[in-house]
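The structure appears below as structure tokens.
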Amino acid sequence: MWAVTVIYNTPEDATAFEKYYAEKHLPLVQRLQKEIGFTKATLVKFARNLDGSASAFYRQAHLWFPSEEALRQGTATTAFAAVADDLANFATGGLVGMEGTE
């Protein structure tokens, strides 16, 4: 399995982030899933570091693909570009996007 991973830094306004993420971004991703070709998405909202201190990161999303070729094809679609373009609408703390294999 291959994944696109997005790690979101803490946003300027967490309430606004969560509202947009739930009401706009996730429905967009779900609507375009078939065209992009990922088979599963996993989402994490970080509560704290293991030592109890505040996390440097806010959220993480993985889009899982069955192969590297499927990932390459999926990330080359206009649907994936639309999802990527939407990030600027709510990820005010910045983010890191990566590809990797399980």
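The values are calculated or read from the model by the stated rules, or taken from the named source; none is laboratory data. The structure presented is a predicted model; accordingly, all values stated were derived computationally and were not measured. Glycine gets a Cβ as well: all are built from the backbone with ideal geometry, and neighbour counts include every protein chain shown.
Scanning the stretch 22-31 turns up no residue that is at pLDDT below 95 and loosely packed, with under 14 Cβ neighbours inside 10 Å.
The residue list 35, 69 contains one member that is more than 26 Å from residue 16 (Cβ to Cβ), assigned to a helix (DSSP H, G or I) and in contact (Cβ under 8 Å) with a residue 24 or more places away in the chain, which is 35. Total residues in the stretch 50-61 satisfying the condition of being among the small types (Gly, Ala, Ser) and crowded, with 19+ Cβ neighbours inside 10 Å: the figure is 1. Taken together, the residues in the stretch 46-75 that are more than 16 Å from the chain's Cα centre (by Cα) and not basic (Lys, Arg) amount to 15.
Somewhere in the stretch 39-49, is a residue exposed (fewer than 11 other Cβ atoms within 10 Å of the Cβ), free of Cβ contacts under 8 Å to residues at least 12 places away in the same chain and small (Gly, Ala, Ser)? Yes - at least one qualifying residue is present in the stretch 39-49.
Residue 11 meets each of the listed conditions (1) in contact (Cβ under 8 Å) with a residue 40 or more places away in the chain; (2) in a helix (DSSP H, G or I) apart from (2).
For the stretch 62-80, give me each residue that is surrounded by 13 or more Cβ atoms within 10 Å (Cβ to Cβ), over 21 Å from residue 46 (Cβ atoms) and of a type in the set (A, V, I, L, M). Of everything in the stretch 62-80, those that are surrounded by 13 or more Cβ atoms within 10 Å (Cβ to Cβ), over 21 Å from residue 46 (Cβ atoms) and of a type in the set (A, V, I, L, M) turn out to be 70, 71, 79. Just checking, which of 78, 39, 10 is farther than 17 Å from residue 100 by Cβ and in contact with a strand residue (DSSP E or B) (Cβ under 6 Å, 6 or more places away or on another chain)? None of the others qualify; the one that does is 10. Give the residue, chosen from 5, 92, that is assigned to a strand (DSSP E or B) and surrounded by 13 or more Cβ atoms within 10 Å (Cβ to Cβ). When all the criteria are applied, what remains is 5.
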